[in-house]
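Participant: Would you mind keeping the following structure in view while I ask a few things?
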Amino acid sequence: DVVETQEHYKSRWRSIWIMYLTMFLSSVGFSIVIMSVWPYLQKIDPTADASFLGWIIASYSIGQMVASPLFGLWSNYRPRREPLVVSTTISVAANCLYAYVHLPHSQNKYYMLTARALVGFGAGNVAVVRSYIAGATSLTERTSAMANTSACQAVGFILGPVFQTCFTLIGEEGITWKLIHLQLNMYTAPVLFGALLGVINIILIFAIFREHRVDDMGRQCKSINSEGEERGGLDQDTEGNIDHVAVVAINFLFFVILFVFAVFETIATPLTMDMYSWTRKEAVFYNGIILSVVGIESVIVFMVVKMLSKKTGERAILHGGLLIVLVGFFILLPWGKKLPNIQWQEIKNNSIPRTTSTEMLMPFWSLEALQLPSNHTVEPVGCPITQSWCLNTPMIYLAQYISSDILIGLGYPVCNVMSYALYSKILGPKPQGVYMGWLTASGSGARILGPVFVSQIYTHLGPRWAFSLICGVVVVSLLLLEIVYKRLIAFSVRYGRMQE
């Protein structure tokens with residue numbers, strides 16, 4: 001056992017801060033173009049429809065789901081700088097490709113799809129980030145470090161659209177650099193800014209990041225990822241088998257947590273348009289404000305949960321977080337007798353545009369660009385008659401919706417942080433890259449399936465069925481948590497090297 005020196009401690013935390021930055025930039029890479037993808041897609045390729053937009057949005061998560069286990073496996077056997085630099089380079093190149101998708105004479109939408117999938121592939125490095133932080137922190141430091149990581153990720157998701165808004169000042173035309181055929185406008189400037197941040201991140205990884213590993217008690221250990229060291233130089237504290245039942249349980253719980261949050265994000269716009277007769281523009285504006293407040297609430301919760309976990313432990317907080325999410329969705333169940341307003345208008349001579357189910361289920365950030373043509377003066381509002389449940393399902397009151405937003409905004413970050421913290425502690429001192437890759441892949445899969453679930457259940461059966469099924473899924477996850485509760489303990493505690 002080697003006592004950690006002050007210099008080692010400082011170097012270790014500098015490296016962890018570089019990982020925080022990498023996580024922040026990864027989430028910015030996703031959200032910085034979200035509000036402009038749809039208008040940019042329409043501009044470069046008029047043949048693209050709303051369904052193809054869904055594929056472009058999903059391609060990020062698909063790319064991340066594929067890449068996470070691969071980068072995780074790489075980081076288990078080689079210096080982590082390698083997968084970090086390669087993944088970030090892929091993201092930089094993909095952002096540059098996105099800035100040039102207007103150049104081809106045809107099939108531009110497929111170039112955009114490829115660019116976003118590659119950005120997601122590069123974002124697979126979050127598995128490397130979390131595995132490094134898990135190995136470079138002691139048990140007492142880990143929950144706080146995981147909370148900071150999730151907070152950086154959340155801040156990135158919040159600030160991405162803010163950066164996008166600032167770049168709208170450039171305008172649609174912007175300026176053109178003919179020598180390299182580069183159009184710098186409100187659509188391309190954000191991704192080029194993201195590419196610049198990626199280059200800065202690569203430089204910092206080379207300049208500051210160092211491989212560090214400490215055991216669960218904080219003692220300095222050799223790292224199998226360090227250059228020039230022989231693989232397999234782990235100390236005796238790695239002896240023992242990982243509890244794979246606990247590992248699978250946390251993967252399932254994490255999938256459920258990301259799944260219900262993806263449903264929550266996706267359902268916001270169509271639900272409020274159906275229930276409160278909001279126009280598309282009003283739904284975008286009001287839900288944008290609500291989700292921004294939820295994002296800020298989440299960051300605050302990330303900070304508070306660090307201190308709370310030291311007193312109560314991660315398992316109890318995870319249990320409480322799931323209960324809060326359950327209550328949040330239970331509140332959304334329709335009660336009472338008042339029905340939502342129905343769209344009774346007839347469509348005549350195309351004078352009134354029909355709101356299709358595809359448009360209704362597009363997330364709020366992509367609806368912003370769906371403006372009515374100039375020759376249309378009326379937009380049908382209310383619950384569309386094509387959804388038969390509108391005729392017999394009571395409306396969800398605005399107070400219910402706001403209360404649900406607040407509760408889900410509280411429960412989700414709690415569950416997110418506790419899942420990562422428990423997972424890393426269960427895995428213990430063994431290399432965590434692949435396992436963290438699978439956890440990240442679980443979250444990516446949930447973000448893909450969540451919107452698909454909503455589009456089918458909500459459109460055809462209505463909110464009562466959709467939210468009842470979500471409540472059922474959360475109840476199942478709570479039962480699973482009860483069953484495996486005693487197994488969700490740290491590796492060192494399980495083998496008697498530390499007390500809980």
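Participant: If I filter segment 309-324 for residues that are at pLDDT 85 or above, assigned to a helix (DSSP H, G or I), open to solvent by 30 Å² or more (accessible area, probe 1.4 Å) and under 30 Å from residue 383 (Cα atoms), do I get at least one hit?
Facilitator: So far as segment 309-324 goes, yes, one or more of its residues are at pLDDT 85 or above, assigned to a helix (DSSP H, G or I), open to solvent by 30 Å² or more (accessible area, probe 1.4 Å) and under 30 Å from residue 383 (Cα atoms).
Participant: Does segment 63-80 hold any residues that are closer than 20 Å to residue 194 by Cα and either of a type outside the set (Gly, Ala, Ser) or more than 23 Å from the chain's Cα centre (by Cα) (or both), and which are they?
Facilitator: Matches in segment 63-80: 64 only.
Participant: A follow-up question, please. Only one of (1) assigned to a loop (DSSP other than H, G, I, E, B); (2) open to solvent by 60 Å² or more (accessible area, probe 1.4 Å) is not met by residue 469, so which one is it?
Facilitator: (1)
Participant: Okay, next question. Does residue 261 satisfy being assigned by the TED database to the domain that holds residue 306, at pLDDT below 90 and open to solvent by 20 Å² or more (accessible area, probe 1.4 Å)?
Facilitator: Here the answer is yes, as residue 261 does meet what is asked.
Participant: Please enumerate the residues belonging to segment 274-293 that are of a type outside the set (D, E, K, R), touching a residue at least 40 places away in the same chain (Cβ under 8 Å) and open to solvent by 10 Å² or more (accessible area, probe 1.4 Å).
Facilitator: Correct list: 276, 277, 278, 279, 284, 288, 290, 291, 292, 293.
Participant: So, one more: Looking at residue 388, is it out of contact with any helix residue (DSSP H, G or I) (no Cβ under 8 Å at 6 or more places or on another chain), among the small types (Gly, Ala, Ser) and over 14 Å from residue 271 (Cα atoms)?
Facilitator: When the stated conditions are applied, residue 388 passes them.
Participant: Where the second residue is part of a helix (DSSP H, G or I) and polar (S, T, N, Q) and the first is touching a residue at least 12 places away in the same chain (Cβ under 8 Å) and assigned by the TED database to the domain that holds residue 125 and lies in segment 75-90, which pairs have Cβ atoms under 7 Å and are six or more apart or on separate chains?
Facilitator: 75/131; 83/75; 83/125; 84/22; 84/125; 87/125; 88/125; 88/201
Participant: Might you let me know whether segment 60-73 holds any residue that is crowded, with 17+ Cβ neighbours inside 10 Å and touching a Pro at 6+ places or on another chain (Cβ under 7 Å)?
Facilitator: Looking through segment 60-73, at least one residue is crowded, with 17+ Cβ neighbours inside 10 Å and touching a Pro at 6+ places or on another chain (Cβ under 7 Å).
Participant: Looking at (1) more than 14 Å from residue 36 (Cβ to Cβ); (2) surrounded by 15 or more Cβ atoms within 10 Å (Cβ to Cβ); (3) modelled with pLDDT under 80, which is the one condition that is false for residue 217?
Facilitator: (2)
Participant: List the helices (runs of 4 or more DSSP H) inside segment 81-157, counting only whole elements, that have at least 3 residues being touching a Pro at 6+ places or on another chain (Cβ under 9 Å) and buried (at least 23 other Cβ atoms within 10 Å of the Cβ).
Facilitator: Because the criterion is at least 3 residues that are touching a Pro at 6+ places or on another chain (Cβ under 9 Å) and buried (at least 23 other Cβ atoms within 10 Å of the Cβ), the helices (runs of 4 or more DSSP H) in segment 81-157 that meet it are 126-135.
Participant: With the structure loaded, tell me whether residue 45 is open to solvent by 20 Å² or more (accessible area, probe 1.4 Å) and acidic (Asp, Glu) or whether it fails that test.
Facilitator: no
Participant: Another question about this same structure. Across segment 325-346, what is the number of residues that are at pLDDT 90 or above and open to solvent by 30 Å² or more (accessible area, probe 1.4 Å)?
Facilitator: Within segment 325-346, residues that are at pLDDT 90 or above and open to solvent by 30 Å² or more (accessible area, probe 1.4 Å) number 4.
Participant: Please list, ordered by first then second residue, the pairs with beta carbon atoms under 6 Å, 6 or more apart or interchain, first in segment 180-194 and at negative phi, second surrounded by 18 or more Cβ atoms within 10 Å (Cβ to Cβ) and at pLDDT 85 or above.
Facilitator: Going by the 6 Å Cβ cut-off, the qualifying pairs are 188/99; 191/95; 191/98; 191/99; 192/99; 194/95.
Participant: Being touching a Phe, Trp or Tyr at 6+ places or on another chain (Cβ under 9 Å) and open to solvent by 30 Å² or more (accessible area, probe 1.4 Å) narrows it down to one of 458, 435, 420, so name that one.
Facilitator: Just one listed residue meets the conditions, 435.
Participant: Right, another one. Step by step: first the residues of segment 193-215, then only those that are in contact with a helix residue (DSSP H, G or I) (Cβ under 6 Å, 6 or more places away or on another chain) and outside any helix (DSSP H, G or I), then the one that is farthest from residue 31 (Cα to Cα). Which residue is that?
Facilitator: 215
Participant: When the residues of segment 12-43 are narrowed to those that are among the β-branched types (Val, Ile, Thr) and modelled with pLDDT of 85 or more, which ends up nearest to residue 117 (Cα to Cα)?
Facilitator: 28
The values are calculated or read from the model by the stated rules, or taken from the named source; none is laboratory data. These figures come from a predicted structure and were not determined experimentally. Cβ atoms come from the backbone with ideal geometry, glycine included; neighbour counts cover every protein chain shown. The protein model used for the area step is the full one, side chains on, heavy atoms only, and it has no ligands, DNA or RNA in it. Shrake-Rupley method; radii C 1.70, N 1.55, O 1.52, S 1.80 Å.
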